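I have placed the structure first, in the form of C-alpha cells, so that the comments after it can refer back to it.
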Amino acid sequence: MFILIGLAVVFGSVLLGYVMHHGNVAVLIQISEFIIIGGAAVGSMIVGNPPSVLVGVFKDCMGLLKGNPYKKSTFSELLLMLFELFHTAKQEGMLALEPHVERPEESEIFKKYSFFTADHEAVAFLTDTMKVLLTGTVDRHDLAEILDLDLERHEEEAMTSTHVLTKTGDAMPGFGIVAAVLGVVITMGSIGGAASAIGQKVAAALVGTFLGILLAYGVFQPLAQACEGTVRCRMAYMGCIKTALLAFARGEPPITAIEFARRNVEPGLRPSFTDMEELIRAWKSTA
C-alpha cells in the first residue's frame, strides 16, 4: 500500500507543479514516447534475463503491494518454533527429530507455524542442516562454513530482482534520450512547416527525456530499494535460523540458542526478552 502511496505522491507532485506553472497536461500524453521508452525497457529486460527471472521480478514487485511480511510477530514465531524443536531434541534425543526433518510437511511441530512452513527455502535450510547434525560427521566450524555458503547463494538469488530493476532504472534516461533524438529527427523533417507544428514536435521529443528521467528515479530506483529492503529482512530471518543452529550445535541449552538467534534480529524487528519469555511460558503450559 505504501508503494502505491509513494508513487502517487511522485507523479502527483510532478503534475501539480507542472499545472501550477500553467502547463498543458495534454502535451505530456505522448503515446509514441511511452511505446518507445516502455518497449525498450521491457525489451532490454527480456534480452538480459531468462523468463524465470522476469517472472520473479514481477512477483517481487507485486509482493511489495502487500508490505514487508517480516514483522516482529514473524520472528517471534520463528524463535518459538526453534525453541520447541531444540527442546524436543533435549528431552527425547536427537533421533526424535528425524521424522520432523525427513518429512517436514507432516511434522506436528512445523504445522503449528504457518509462516515458516510456507517458506520452502527456510524449511529446506533448517531441515537440511538438522540432517547434517543428525549424522554427527560435520565439525561445528565446518558447519558454520556450510551455512555461510548456503546463505550467500540465497542472498544472491534474492537480490536478482533488485539488480534487474536497478540496471533497468539506470538505462531509462538513455532510453529517454533515444525517444528525444527520434523526436528531433521528426522535427528536422518538418522544417519549413508551421511554427506551431514544429513546436509541438519539439515538445513531444522533450517529453521522452522527461519520462526517462522520471521513471528512472521516481519508479525503478525506489522499487529496487524496496525490494532490497525486503531481501535484508529475509536474510535476517535466515540468519536467525543459522545463529540458532550453530548455538545448538555447540551444545547450548534451547533457551540460550534462542537468545543468540534473537540478538541476531535487528532491533526494530526483534521481539523483546520478555516477549519470548511469555511465549515460551505459554507454550510450556500447553505442551
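The values are calculated or read from the model by the stated rules, or taken from the named source; none is laboratory data. In this text the structure is predicted, and so the values were computed from the model without any measurement. All Cβ positions, even for glycine, are placed from backbone atoms using ideal geometry, and neighbour counts span all protein chains on display.
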query: In the stretch 11-23, how many residues are free of Cβ contacts under 8 Å to residues at least 60 places away in the same chain and touching a helix residue (DSSP H, G or I) at 6+ places or on another chain (Cβ under 9 Å)?
result: 4
- prompt: in a helix (DSSP H, G or I), among the hydrophobic types (A, V, I, L, M, F, W, C) and either over 29 Å from Ala158 (Cα atoms) or modelled with pLDDT under 85 (or both) - does that describe any residue in the stretch 35-42?
  reply: yes
query: Does at least one position in the stretch 242-250 carry a residue that is small (Gly, Ala, Ser), in a loop (DSSP other than H, G, I, E, B) and without any contact (Cβ under 8 Å) to a residue 40 or more places away in the chain?
result: no
statement: Given (1) more than 20 Å from the chain's Cα centre (by Cα); (2) assigned to a helix (DSSP H, G or I); (3) at pLDDT 85 or above, Val202 misses just (3)
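Matching residues to (1) more than 26 Å from Leu15 (Cβ to Cβ); (2) crowded, with 16+ Cβ neighbours inside 10 Å; (3) within 18 Å of the chain's Cα centre (by Cα):
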residue: Ala224; (1), (2), (3): no, yes, yes
residue: Val231; (1), (2), (3): yes, yes, yes
residue: Arg234; (1), (2), (3): yes, yes, yes
residue: Leu246; (1), (2), (3): yes, yes, no
query: in contact with a helix residue (DSSP H, G or I) (Cβ under 9 Å, 6 or more places away or on another chain), surrounded by 17 or more Cβ atoms within 10 Å (Cβ to Cβ) and polar (S, T, N, Q) - does that describe any residue in the stretch 53-69?
result: no
- prompt: Of all the residues that make up the stretch 76-112, how many are among the aromatic types (Phe, Trp, Tyr) and surrounded by fewer than 20 Cβ atoms within 10 Å (Cβ to Cβ)?
  reply: 0
message: When the residues of the stretch 256-287 are narrowed to those that are among the aliphatic types (A, V, I, L, M) and loosely packed, with under 14 Cβ neighbours inside 10 Å, which ends up nearest to Val132 (Cα to Cα)?
response: Ala287
message: I'd like to check which helices (runs of 4 or more DSSP H) are fully inside the stretch 46-141 and have at least 3 residues that are under 18 Å from Thr243 (Cβ atoms) and under 24 Å from the mean Cα position of the chain (by Cα).
response: 72-92, 120-135
query: Any residue at all in the stretch 210-222 that is closer than 30 Å to Leu78 by Cβ and either in a helix (DSSP H, G or I) or within 30 Å of the chain's Cα centre (by Cα) (or both)?
result: yes
query: Are there any pairs with C-beta distances below 6 angstrom linking a residue in the stretch 61-85 that is small (Gly, Ala, Ser) to a residue that is surrounded by 20 or more Cβ atoms within 10 Å (Cβ to Cβ), with the two at least 6 apart or on different chains, and if so which?
result: Ser76/Pro271
query: Here are Ala122, Ala118: which of them is under 21 Å from His100 (Cα atoms) and surrounded by fewer than 11 Cβ atoms within 10 Å (Cβ to Cβ)?
result: Ala118
- request: Would you tally the residues in the stretch 256-287 being assigned to a helix (DSSP H, G or I) and out of contact with any helix residue (DSSP H, G or I) (no Cβ under 7 Å at 6 or more places or on another chain)?
  value: 11
